[in-house]
Amino acid sequence: MDFEEFNNPEWRLMSQVSRPSRYCGSEWRPHKLISWDDANLRICLAFPDVYETGMSYYGFQIIESFINSMGKNYIADRTYCVWPDMEKLMTEQKIPLLSTEYKKPVKDFDVLAFTLPHETSYTNILSIMQISGVHLFTYDRNDDDPVVIAGGYGAYNPSVLEKFIDVFCVGEAEALLPELLPVIEGTKGRPRDERLKAISELKGFYVPECFHEGNIIERQYAKKFFTLNSMIVPSVNIVHDRAAVELFRGCGRGCRFCQAGMVNRPVRERPESEAAKSILDIINSTGWEEAGLLSLASCDYSGIEKLIDDLSPVLNERRSKLSLPSLRMDGFSVGLAEKLEGLRSKHGGITFAPEAGTQRLRDVINKGITEEMIITCLKEIYSRGWERVKLYFMMGLPTEQDEDLDSIAEISHMALKLGRSMGRKRASVSVSVSGFVPKAHTPFQWERQNSIDELKEKGRRIKSLVHDRALSISYHEPEQTFLEGVLSRGDKRTCDVIFKAWETGAGFDNWTENFNLQRWLDAFEGCGIDPDDYTRERNEDEALSWDFISTGVSREFLLRERHRAYNGKLTPDCNSACSACGIGCVK
């Protein structure tokens, strides 16, 4: 720890807050810090959640390393949302929020860049700006304020936050930042409105102050994405405490509920040799004992078997291991999982996501999994030594019926019974059920979202059908699902609701212990807005608040997929046949 870190004014508050390790810093950094005074541009990356969550977000580390690699004497530092107890003390003692590495006030940076990982983090954005001394509303900011930008999944429906954000980055950092940052650097010292006007003329940026109705903001993506060869190592435990490597971007499977799969098209793979080198470089430089192979569907990576086979001897020697965060329900995935387990000392649990209980409903959502595949997969699991299985499902999906819910319990019982019949006496099955949220830019963006009472009743129905101690079923809080749904399809009016809820204490709404639905209901009432208007079914010809954002996937394709869903028709994987989604990736 250097003197500057020890002199951090937050340190004197450590004994008065929970989890002081969140604020300690003292990380191992792969990059050398350049002089603050010599920097041409200073960017503070802000994650609207606590440190241990933000440090587990792979994209956050990519952006910082990418900016620091641009060779333009740019500084990229980070900051995180502090827990309410720390925020209270810092506010009382007038201590501003500092960046993690340079320990500089966030307000002193040229750019404050928010990542938008999920809708229930939006009030934390206001908390970060408030404690940093940055004006919350765009129209209150002056030339001394940093340019406030935001990117991530939330940027695909930016209207919800447009009163707070100067510039929304629509697309991928590697394609957007090389265009954006030189403009911000080159306009330093000029009036704020001139700077924003210059940014609005670039492709892929939504600047609410300069936007003209009828214009379309087109998502920008990188044909070749950035490769990490090292990572920042925190001094405390984080949610995903491991190295991480991105195998590919995009997903060709076309699950109709999945926003990430739709907006990240086309699929772009990293060469196997490059992925292997990245894994070894990161493990060698950081000392991490595990590397996660990340992508929306990692098993679909064309070089996955060769990658694991090539790395196994080296990682075995280092006593390191690999992990796959997503597995398909088929024998191939189980075989991969067994290879990965060969890099461990014993068998752990294994996780799959059938998503729906019946074949009919799995066809509606285009999951591409049959009952036979589920049974075969479970047999493979138990025959290879696993005893603990975790299954993910959704409730509230379009066209759902009671038998679809009942089948979730039936599949779960079948999985447990099958394990016991194959000699796994300690077999156990854990089931997690979450409420379906219609997302912008998906085939289900027009669907009605189930009410809180409906989701509660469906969750209770599923749990009532379970009577075995080795089978546990839990479901996500319907109140939080409701708020996610409202904010995911909100509009300009929602900005006022977010501000009013935040004013009355809303924050960390994705943390169950902090969530208070009544604050939000009071905020909606205070703004004269019915929140149910955001969860209703939309007409296919009505204007949507995100229509001016183009992801490259056409509206016609989304509508076609919605109609195919209601007819129970599957759409093949993009890797096997082009579905003419509009992205234009066919060679």
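The values are calculated or read from the model by the stated rules, or taken from the named source; none is laboratory data. Everything quoted here is computed from the prediction, not taken from an experiment. Here the Cβ is made from the backbone with ideal geometry for all residues, glycine too, and neighbour counts use every protein chain on show. Protein only, heavy atoms only, side chains kept; ligands, DNA and RNA dropped before computing areas. Shrake-Rupley method; radii C 1.70, N 1.55, O 1.52, S 1.80 Å.
Which of Tyr23, Ile34, Cys44 sits farthest toward the positive end of the charge dipole of region 9-48, with +1 on the Cβ of Lys and Arg and -1 on the Cβ of Asp and Glu? Positive-most Cα among the choices belongs to Tyr23.
Looking at region 1-146, how many pairs of lysines come closer than 17 Å at the Cα, when each pair is eight or more places apart or spans two chains? Each step should come with its number before you reach the end.
On the way: Lys32/Lys72; Lys32/Lys103; Lys32/Lys104; Lys94/Lys103; Lys94/Lys104; Lys94/Lys107.
Eligible lysine pairs with Cα atoms under 17 Å apart amount to 6.
Think of each Lys and Arg Cβ as +1 and each Asp and Glu Cβ as -1; about the Cα centre, that makes the dipole of the chain roughly 1760 debye. Summary of the geometry: region 206-230 and region 247-286, compared by the centres of their Cα atoms, lie 19 Å apart. Taken one residue at a time, the phi angles of region 40-49 give Karplus couplings (6.51, -1.76, 1.60, θ = phi - 60°) of 7, 8, 10, 10, 9, 7, 10, 10, x, 7 Hz. Gly and Pro are set to x.
In terms of the Cα gyration tensor, with a ≥ b ≥ c the square roots of its eigenvalues, is region 435-587 rounded because a/c is under 1.5, prolate because a/b exceeds b/c, or oblate? Note, shape of region 435-587 comes out oblate. I need the shape label for region 1-147. Rule: rounded when a/c is under 1.5, else prolate if a/b > b/c, else oblate, with a, b, c from the alpha carbon gyration tensor. Because its axes are fairly even, with a/c under 1.5, region 1-147 counts as rounded.
Taking each residue as 0.36 nm, the span from Asn142 to Lys379 lengthens on full extension beyond its C-alpha to C-alpha distance by 79.0 nm. Seen against the Cα atoms of the chain and their longest principal axis, helix 304-318 is set at about 70 degrees. Between exposed GluC sites (Glu not before Pro) in the chain, where DSSP calls loop and at most 14 other Cβ atoms lie within 10 Å, what's the longest gap? No qualifying site falls inside 290-512, the longest such stretch.
Taking a straight line from the alpha carbon of Lys425, these aspartates and glutamates sit under 15 Å away, with near neighbours fewer than eight places off in the same chain left out: Glu387, Asp468.
Each residue of region 459-475 was assigned a 3J(HN,Hα) from its phi angle through the Karplus expression (A = 6.51, B = -1.76, C = 1.60, θ = phi - 60°), giving x, 5, 4, 5, 5, 5, 8, 9, 9, 9, 5, 7, 10, 10, 10, 10, 9 Hz with x at Gly and Pro.
Rounded to the nearest 20 Debye, what is the dipole magnitude of region 402-541 about its Cα centre when Lys and Arg each give +1 and Asp and Glu each give -1 at the C-beta?
Numbers: 20 positive and 26 negative charges, 225 e Å.
With only Lys, Arg, Asp and Glu charged at Cβ, the dipole is about 1080 debye.
Whole-Hz Karplus values for region 418-428 come out as 5, x, 5, 5, 9, x, 8, 5, 9, 4, 9 Hz, taken residue by residue from phi with 6.51 cos²θ - 1.76 cosθ + 1.60 and θ = phi - 60°; glycine and proline positions read x. Seen through its C-alpha gyration tensor, with square-root eigenvalues sorted a ≥ b ≥ c, region 195-287 comes out prolate because a/c lies at 1.5 or above while a/b is bigger than b/c.
Around the amide H of Leu97, modelled in the peptide plane, lie the amide H atoms of Val106, Ser132, all under 5 Å away and 5 or more residues distant in sequence or on another chain. For Kirkwood radius over Cα pairs in Å, the value computed from the atomic coordinates appears in the list (i) 26.9; (ii) 29.4; (iii) 25.3 under label (iii).
Pairs of lysine residues in region 439-587 that meet both criteria, 8 or more places apart or on different chains and Cα atoms under 28 Å apart, total 10. Measure out, as a whole number of angstrom, how far apart the alpha-carbon centroids of region 22-51 and region 130-176 sit. Between the Cα centres of region 22-51 and region 130-176 lies a distance of 19 Å.
At an R0 of 45 angstrom, the distance between the Cβ atoms of Asp530 and Thr370 translates into a FRET efficiency of 0.60. A simple count of charges around Ile216, restricted to other residues whose Cβ falls under 14 Å of its Cβ and scoring Lys, Arg +1 and Asp, Glu -1, yields 0.
Once every DSSP H run of n ≥ 4 in the chain is given -39500 (n - 2.57) and the sum is divided by its residues, what mean residue ellipticity at 222 nm do you get, rounded to the nearest 500 deg cm²/dmol?
On the way: 20 runs with 207 residues, N = 587.
After summing the helix terms and dividing by residue count, I get -10500 deg cm²/dmol.
Placing a pseudo-label 7 Å from each Cα along the Cα-to-Cβ vector at Leu33 and Met70 gives an inter-label distance of 2.1 nm. By accessible area, using a 1.4 Å probe on protein heavy atoms only, region 232-284 has 52% of its surface on carbon and sulfur.
For region 471-547, which whole-number percentage of the solvent-accessible area (1.4 Å probe, protein heavy atoms only) is attributable to carbon and sulfur atoms? Numbers along the way, then the final one.
Numbers: 1430 of 3360 Å².
The nonpolar share, carbon plus sulfur, comes to 42 percent.
Note on region 102-155: with neighbouring protein chains present and a 1.4 Å probe, carbon and sulfur make up 43 percent of its accessible heavy-atom surface. Each label point was placed 7 Å from the Cα along the Cα-to-Cβ direction; for Val314 and His212 their separation is 5.3 nm.
Give me the aspartates and glutamates in straight-line cross-link reach of Lys163: C-alpha distance below 16 Å, same-chain residues under 8 apart excluded. Leaving aside aspartates and glutamates fewer than 8 places away in the same chain, those within reach of Lys163 are Glu119, Asp140, Asp145, Asp193, Glu209, Asp491, Asp496, Glu503.
Which value, in debye to the nearest 20, gives the size of the charge dipole of region 428-474 about its Cα centre, when Lys and Arg are +1 and Asp and Glu are -1 at the Cβ? It would help to have the intermediate numbers written out before the result.
On the way: 8 positive and 5 negative charges, 18 e Å.
Value, rounded to 20: 80 debye.
Close amide-amide hydrogen proximity is noted between Ala113 and Cys44, Leu45, Ala46, Ile149, each under 5 Å apart and 5 or more residues distant or on a separate chain (H modeled in the peptide plane; Pro and chain starts excluded). For the chain, the per residue solvent-accessible surface stands at 41 Å², with DNA, RNA and ligands left out and a 1.4 Å probe.
Between the C-alpha center of region 522-555 and that of region 386-447 there is a gap of 29 Å. In this structure the amide hydrogen of Thr351, modeled in the peptide plane, comes within under 5 Å of the amide hydrogens of Lys390, none closer than 5 places in sequence on its chain.
A Förster distance of 56 Å, applied to the separation of the beta-carbon atoms of Ser18 and Lys306, puts the FRET efficiency at 0.75.
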